[in-house]
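No lab work stands behind these numbers, since they all come straight from the coordinates. Keep in mind the model is a prediction, meaning the values are calculated, not measured. Heads up, the Cβs are rebuilt from the backbone with ideal geometry, glycines too, and the neighbour counts pull from every protein chain shown.
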Amino acid sequence: MLTLTHDPSPPAYRPQILEDKAGIRLYKDKANVSNQSTVQFSEQTTLMLAVRDNRDRAAFAALFDFFAPRLKGFAIRSGAKGGQVEDIVQDVMLTVWRKADQFDPQRAQVSAWIYQIARNRQIDVMRKENKPVPEELHYEVEDEPDAGQILAVEQEAEHLKKAISRLKPEQRAMIEQAYLGELSHQDIRELTGLPLGTIKSRIRLGLEKLRHELRGIR
Amino acid sequence: MADINHHIPESLLQAYATGSLVHPFALVVAAHISLCTECRAGLEAHNAAGGAILESLPDEPVSDDLKVRILDQLDAPFKQKPVYERSGVYPGPVMEALKGAAPRWRRVGMGVRQSILSAGQDGSVRLLFIPPGQAVPDHSHNGLELTLVLQGSFSDETGRYGVGDLEVANQDLEHTPIADAGAPCICLAATDAPLRFKGLVPRILQPVFRI
Ligand SMILES: [Zn+2]
């Protein structure tokens, strides 16, 4: 167990948190029943699960080190000014800690989840209105999370990242502007599509499984 | 859950995900996603794109003490925003707009009732109650209009819309939605311009009735 320090240097990277101790979830690869080895998720997913399941401050600090400077850049580009900028960073990071139980790697990567929190917060602060958000899906985590599903979502997100990096510079700049909140609704209508089809189908599989579980408990 | 056949067009979903949609439309989109797995997955896919962009941004150094200040607050008590659950046919985001109360219906004629959730410069969003067989009076609009069915169904020139279905109409569409037989049709409808009903209420009265 790492102790919390206020050392600005990032804490040691801890690749394996998935030990079989009381209160700690064990992730097994369902896709490979004959060889029930624990599986390795990305560093971000591992850190976020440690925050969610173990309230691990060192893991949170590591996420801060990666995301806070990027969230600051995001806030500036979306038009936040002065003290607003770091206020938004702070609100977003505190939400990551406080709402960690809503993080579900079967549906969203860490960066996708944080992106959504950040964009909603920016709108709340800058337009002084609450962005309407869909109902949260709540469900009992009686079943083991599906490690295969988590890995597949990570993999699709990697594909998407690569696809975005391969876009023509002007097209990439346009997509960046759109997701950073610099384009109006009318401008977005002109946008050419991103390759979102495969990641969407993968996420839908996860959601459909969840719907069955929801039905089961109702 | 009923089968949903009419979904959020991709450009609208992207506009919602990236936060460029005005409030009245964002409410309708959030309500539809509350009912629709397909579009929820689509939203998550857009968030994945947003996450990829976020990760690729250059570092903007933060103040030296920001991390300490945040870590110090992790255990501090905080005010939780109220969460509005679905109630009857009204999804969570609609209940939030209603502040947890039942809709306050007002008659607008011919058995049609409405309950305005918000109206302002960005447009308006309201609940509509349409008795079976009743037409929403023929109207045209000069902007975009989103209509989400919450109860019953309606049909117009473009097809049939049941619970969860979203109709997207622009200024080119002159349509006459008629509530189908059965339960009264309850819809969530948003426009970015004031509706111009023909022949229902004289134009001059429209600001008074806010329709
Ligand atoms: Zn849909």
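Note the angle between two axes, namely the Cα long axis of helix B:23-35 and the longest principal axis of the Cα atoms of chain B, as a number of degrees from 0 to 90, rounded to the nearest 10.
Approximately 90 degrees, to the nearest ten.
From the Cα trace of the stretch B:1-103, what convex hull volume per residue do you get, rounded to a whole Å³?
That works out to 159 Å³ per residue.
Tell me, rounded to the nearest percent, the portion of alpha carbon pairs in chain B spaced more than 22 Å apart.
Above the 22 Å cut-off, chain B has 55 percent of its Cα pairs.
Around residue A:69, with a cut-off of 15 angstrom between Cβ atoms, what is the net charge of the other residues, counting Lys and Arg +1 and Asp and Glu -1?
Summing Lys and Arg as +1 and Asp and Glu as -1 gives -3.
Residue by residue through the stretch B:173-187, what is 3J(HN,Hα) from phi via Karplus (6.51 cos²θ - 1.76 cosθ + 1.60, θ = phi - 60°)? Round to whole Hz and write x for glycine and proline.
Using θ = phi - 60°, the values come out as 9, 9, 9, 10, x, 10, 5, 6, 4, x, 5, x, 8, 10, 10 Hz.
Quick one: P(r) of the stretch B:77-188 from all Cα-Cα pairs, 10 Å bins, percents rounded to integers, in order of increasing distance.
14, 44, 32, 7, 3, 0
Per residue of chain B, what 222 nm ellipticity follows from adding -39500 (n - 2.57) for every DSSP H run with n ≥ 4, rounded to the nearest 500?
Helix-only estimate at 222 nm: -8000 deg cm²/dmol.
Given the pairs A:72/A:168; A:209/B:79; A:128/A:168; A:72/A:161; A:72/B:79, which span a C-alpha to C-alpha distance of over 31 angstrom in this model?
From the list (A:72/A:168; A:209/B:79; A:128/A:168; A:72/A:161; A:72/B:79), the Cα-Cα distance tops 31 Å for A:209/B:79; A:128/A:168.
Measure nothing fancy, just the Cα-based angle from helix B:37-56's long axis to the longest principal axis of chain B, in degrees from 0 to 90, nearest 10.
Compared with the principal axis, the helix lies near 30 degrees.
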